[in-house]
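Single-structure report; data block below.
The values are calculated or read from the model by the stated rules, or taken from the named source; none is laboratory data. As the structure is a computational prediction, the values presented were derived from the model and not from experiment. Because the Cβ atoms are built from the backbone with ideal geometry, glycine has one as well, and the counts that use them run over all protein chains shown. Side chains included, ligands, DNA and RNA excluded: accessible areas come from the protein's heavy atoms. Shrake-Rupley method; radii C 1.70, N 1.55, O 1.52, S 1.80 Å.
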Amino acid sequence: MRDDAAWQLDVHPSGDPATLVIALGGRWRIDQHLPAADTLQARLAAPVRRIRFDAGELADWDSGLLTFVSGISKSCAQRDIAVDGSGLPPGAQRLLAMAAAVPEQKLAAREPGPQGALAQVGAATLEFVHGAPRMLGFLGELVLSLLRLVAGRARFRARDLWLEIEEVGPRALPIVSVISFLVGLILAYLGADQLKLVGAQIFIADLVAIGMVREVGALMTGIIIAGRTGAAFAAQLGTMQVNEEIDAYQTLGISAFDFLVLPRVLALMLMVPLLTLYSAFIGMLAGLLVSLTIFDIGVFEYYTETLRALEFKQFAVGLSKGTVYGAIVAFAGCLRGMQCGRSAEAVGHAATSAVVTAILLITIAASIMTVVYYQLGI
């Protein structure tokens, strides 16, 4: 076959009926309207068992030639036809060999369409069964890292710890302030609506103080930090996985847990209890505002009732829950970040999964700790 353009293509049998020769000549460049590999499908039928390329008359070529030869090679592979590319230019042979040496990237399949309730439950159960051992393994590595810290053998930069403390602490104050104030406002209105039925509006101070210090302050702070910081941890570590930075740490003999995970865990365990106290204080200010403007309760009366209601054990419960919630958020964020795949889509999935995991674990921990403290009389 010959085209009016500069490229030339001739397909003819050799002396062996099982061998087909594809002769290429002229200029095989992508701007020459080159033929598609599909045009030779009919010539690859039996008894052809071998293809040989002859580029003796080839004057010039670029990726257009490689695309044509690659298409022919794929068709031959599907038909178990051997391909002899020794007649191609040496540069083309090297490029084709490099392309064949790299396996085709298989992207993660997207989730199928809507499934039945039973199928969803089964999929979630299988995911939990497969993920639980990895979570326990990560927890074990984290415990070993904390033990190395206690023994003075953990390797991380103090500067990184202070940077994480600044990020998860002072910079989280605005969002914690807004959410805590609104929650305290809601809690005060909710309690006042019931207390006014018996003329006991003064106990709004008790309700807001105990509720914010003991339960709500820690819970709201944990959820806020899960959405704000847990997702950030997962995205940061996930991006490092994509860029193979964590592999570089391991190659250099640096523990990724000590250098990357430990500072983040320590920062949250130190700052979330303090944010819990701050959240409780802001919530009590909201309760004071409601008492002053709606129920005509004086500042001194509200303050006195608040001091009478609060005991040390209330602060101990709130601080302990804040510490646990901070550790949970750090655990979930770092876990999903270290488990992240090596694509942009995987980073987004890791960030989402970190938030969901953290909130779920916080809810479970809150339920267990509340029951335990009740049984202990605390």
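The Cα center of the stretch 137-203 and the Cα center of the stretch 12-77 differ in position by 68 Å. Within the accessible area of the stretch 216-295, the carbon and sulfur atoms contribute 69%, probe 1.4 Å, all protein chains present. In terms of its C-alpha gyration tensor, the stretch 127-181 comes out oblate, because a/c is 1.5 or above while a/b does not outweigh b/c. When the chain is described by a simple charge dipole with +1 on each Lys and Arg Cβ and -1 on each Asp and Glu Cβ, the residue from Leu20, Ala154, Leu126 located farthest towards its positive end is Ala154.
Working note: 222 nm ellipticity from helices only, DSSP H runs with n ≥ 4, each -39,500 (n - 2.57), summed and divided by the residues of the chain, gives -21000 deg cm²/dmol to the nearest 500. The relative contact order of the chain comes to 16 percent, based on Cα pairs under 8 Å that sit 6 or more residues apart. Entry comment: accessible area of the chain is 55 Å² per residue, from protein heavy atoms only and a probe of 1.4 Å. Taking Cα centre as origin and charging only the Cβ of basic (Lys, Arg, +1) and acidic (Asp, Glu, -1) residues, the dipole magnitude of the stretch 202-316 rounds to 80 debye. Each Lys and Arg Cβ is given +1 and each Asp and Glu Cβ -1; about its Cα centre, the chain then shows a dipole of about 720 debye.
Tell me which DSSP H helices of the chain clear both cut-offs, 18 Å or more of axial length from alpha-carbon atoms and a mean Kyte-Doolittle hydropathy of at least -1.0.
63-78, 117-150, 173-195, 262-294, 312-338, 344-376
Ignoring ligands, DNA and RNA, what percent of the 1.4 Å accessible area of the stretch 116-189 is carbon and sulfur?
72 percent
Which option, (i) 36, 24, 21; (ii) 69, 23, 19; (iii) 33, 27, 23, is the value of semi-axes √(5λ) of the Cα gyration tensor in Å that was calculated from these coordinates? For semi-axes √(5λ) of the Cα gyration tensor in Å, the calculated option is (ii).
What shape does the stretch 263-378 take by its C-alpha gyration tensor, where a ≥ b ≥ c are the square roots of the eigenvalues and a/c under 1.5 counts as rounded, a/b above b/c as prolate, and the rest as oblate? Taking the square roots of the gyration eigenvalues as a ≥ b ≥ c, the stretch 263-378 is prolate.
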